[in-house]
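First the structure, in the form of structure tokens, and then the observations on it.
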Amino acid sequence: MAGRLGAEVIDIDLRHIAAMARLPLVHRDPFDRLIIAQALTENLTVITRDRTFLDYAGLKVLRI
């Protein structure tokens with residue numbers, strides 16, 4: 001499915017877990033915190049409606 005959408009699946013690795021552990025506890029959802037950590041680690045932009053993502057310094061967010 002991801003390939004048909006032109007998206008790439010990103011595996012979770014120890015760098016992402018370490019980055020997640022260092023994040024301030026602004027967002028309480030662990031899955032969203034992992035997305036934030038992956039985006040910061042991989043220098044990616046997150047597309048979301050969730051305004052809480054904007055509270056993470058250095059995170060590139062495209063709001064929809």
In region 1-39, residue nearest to the chain's Cα centre (by Cα) [restricted to those that are exposed (fewer than 10 other Cβ atoms within 10 Å of the Cβ) and closer than 18 Å to L54 by Cβ]: F31
Subset of region 28-64 (residues that are assigned to a loop (DSSP other than H, G, I, E, B) and at pLDDT 95 or above): D29, N43, L44, R49, D50, Y56, A57, G58, L59
Scan of region 48-64 for residues that are under 12 Å from the mean Cα position of the chain (by Cα), closer than 23 Å to A7 by Cα and surrounded by 11 or more Cβ atoms within 10 Å (Cβ to Cβ), ordered by number: T48, D50, F53, L54, L59, K60, V61
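The values are calculated or read from the model by the stated rules, or taken from the named source; none is laboratory data. Source: prediction; values computed, not measured. Ideal geometry is used to build each Cβ from the backbone, glycine not excepted, and the neighbour counts take in all protein chains shown.
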